[in-house]
1. Hey, Arg42 hits all of (1) touching a strand residue (DSSP E or B) at 6+ places or on another chain (Cβ under 7 Å); (2) assigned to a loop (DSSP other than H, G, I, E, B) but one; which does it fall short on?
2. Looking at the stretch 40-51, is at least one residue farther than 26 Å from Asp140 by Cα and either among the aromatic types (Phe, Trp, Tyr) or at pLDDT 75 or above (or both)?
3. Could you list, in sequence order, the residues of the stretch 86-98 that are open to solvent by 40 Å² or more (accessible area, probe 1.4 Å) and part of a helix (DSSP H, G or I)?
4. Looking at (1) loosely packed, with under 15 Cβ neighbours inside 10 Å; (2) not in a helix (DSSP H, G or I), which one does Val37 not meet, given that it meets all the others?
5. With the requirement that a residue be without any contact (Cβ under 8 Å) to a residue 40 or more places away in the chain, under 20 Å from Leu44 (Cα atoms) and either open to solvent by 30 Å² or more (accessible area, probe 1.4 Å) or out of contact with any Phe, Trp or Tyr (no Cβ under 9 Å at 6 or more places or on another chain) (or both), what does the stretch 151-184 give you?
6. Kindly indicate which of Ala68, Ala130 is part of a loop (DSSP other than H, G, I, E, B), small (Gly, Ala, Ser) and buried (at least 16 other Cβ atoms within 10 Å of the Cβ).
7. Taking the stated definitions as given, is Ile20 open to solvent by 60 Å² or more (accessible area, probe 1.4 Å) and touching a residue at least 40 places away in the same chain (Cβ under 8 Å)?
8. Taking Leu246 and the conditions (1) open to solvent by less than 70 Å² (accessible area, probe 1.4 Å); (2) without any contact (Cβ under 8 Å) to a residue 40 or more places away in the chain, which numbered condition does it fall short on, given that it satisfies the others?
Amino acid sequence: MHSQPAAADDDRFHTLQQWIKWTVYALLLINFGFYIVEDWTRALHTLHAGSGFLDWTSSFATTIDESAWFLLLLMFELETYVVDDRHWTRWVSRTVRGVRMVCFVMIAHTVFAFASTVRDYQATVPVESAGSLCELVDADVSYVYNLEYTAVTEQNCNNLSAAKQFYRLGKDPVVSDFAGLQLERDLAWADLLEVTIWLLILLAIEIIVRRQDKGIVAGPVVPALNRFKLLLYGSLLILGVYWSSLSHWLYTWDTLVWIGGFAAIEMNLSKWRAELEPKMSVFLKERAT
C-alpha cells in the first residue's frame with residue numbers, strides 16, 4: 001500500500017513513469033495475442049482425437065501462463081500503487097491474495113507442462129520402417145524443427161529434411177530428425193528454466209511486498225533480495241540472447257517487455273519504500289524515547 005505522490009516538482013517525472021509503465025503493459029497485452037495464435041497453431045499439429053484434458057491444457061500452457069502473469073502483474077499494481085492505504089480493507093486484501101493463489105496454480109500447471117515436455121523429449125523413439133520423410137506422408141504427422149511445425153505432404157516432404165532416420169517427439173503426432181530432436185530438447189529445457197527463474201523473481205517480490213506491508217524497510221533482507229533479482233534478470237537476458245540466436249525474436253522481445261513490466265512494479269516498491277522510511281524513522285525515535 002502507499003500514499004499517492006503529491007510533490008509538485010516530482011509531477012513531471014511521475015507522469016513520465018506512468019506513461020512508460022502503461023505503454024509496457026499495453027505491449028505485454030499485444031504480445032499475449034501473438035502467443036495465443038502461436039499456441040493455437042501448435043495445437044493444430046499436436047492435438048488429435050485421443051487427446052485428453054491435460055494434453056489440451058499443455059498445448060495451451062503458454063497462454064495459460066501469460067494469463068496468470070498478467071493477473072499477477074495487475075494484483076501487484078493494485079497492492080503497490082493503485083489502492084491507497086485507506087481503501088486497503090481486509091476484503092480487498094483477501095481478494096487480491098486469493099487471485100494470486102489462483103495464478104500460482106496456473107503457473108504451477110505451466111511448470112508441470114514444461115517439465116513433462118522435457119521428460120517426454122528425453123526418450124529417443126525412432127520411427128520404424130521410415131528411411132525418408134516422404135514415407136510418412138500417409139501417417140498424418142507433422143515435422144518440427146526449431147518450433148516450426150509443418151504437416152508432412154507429398155509436396156514438401158523432400159524439402160523439409162533429407163535425413164534417413166526420424167524420431168517421435170513424446171506422444172504427439174510429430175516427428176523430427178536427430179538434429180531437430182536435439183534442438184527441441186534444448187528449447188524445452190530453456191522454457192522450463194525461464195518459468196523457474198520468473199517464479200524465483202516472483203517469490204523475491206512477494207517477500208518484499210509482505211515485509212513492506214508490515215512497515216519493515218530496514219535490514220539486510222531487501223538488499224540481498226534485490227541483488228538476487230538482478231542476477232535472475234541477468235539470466236533472463238542471457239536466455240533472450242539464446243532465443244534471438246535461433247531467430248525467435250518474439251521470445252526475446254517478450255522477455256525484454258516482461259522485464260520492463262516487473263521494473264514498473266520495482267519502481268512502485270521503491271516509491272512505497274521511500275514513503276515508509278520517514279514513518280519508520282519517527283516510530284523508532286518514539287520507541288527509543
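1. Condition not satisfied by Arg42: (2).
2. no
3. Taking the stretch 86-98 first, the residues open to solvent by 40 Å² or more (accessible area, probe 1.4 Å) are 86-87, 89-91, 94-95, 97.
If the condition is that a residue be open to solvent by 40 Å² or more (accessible area, probe 1.4 Å) and part of a helix (DSSP H, G or I), then Arg86, His87, Arg90, Trp91, Arg94, Thr95, Arg97 are the ones that fit.
4. (2) is the only condition that Val37 fails.
5. Answer for the stretch 151-184, where residues must be without any contact (Cβ under 8 Å) to a residue 40 or more places away in the chain, under 20 Å from Leu44 (Cα atoms) and either open to solvent by 30 Å² or more (accessible area, probe 1.4 Å) or out of contact with any Phe, Trp or Tyr (no Cβ under 9 Å at 6 or more places or on another chain) (or both): Thr153, Glu154, Gln155, Asn156, Leu160.
6. Only one candidate passes the filter, namely Ala130.
7. Working: open to solvent by 60 Å² or more (accessible area, probe 1.4 Å): yes; touching a residue at least 40 places away in the same chain (Cβ under 8 Å): yes.
Yes; evaluated as a whole, the condition is true for this residue.
8. Of everything listed in (1) open to solvent by less than 70 Å² (accessible area, probe 1.4 Å); (2) without any contact (Cβ under 8 Å) to a residue 40 or more places away in the chain, Leu246 misses just condition (2).
The values are calculated or read from the model by the stated rules, or taken from the named source; none is laboratory data. All of these numbers come straight from a predicted model, not from anything done at the bench. Cβ sites come from the backbone with ideal geometry, for glycine too, and all protein chains shown count toward neighbours. The accessibility values were calculated without ligands, DNA or RNA, using every heavy atom of the protein model including side chains. Shrake-Rupley method; radii C 1.70, N 1.55, O 1.52, S 1.80 Å.
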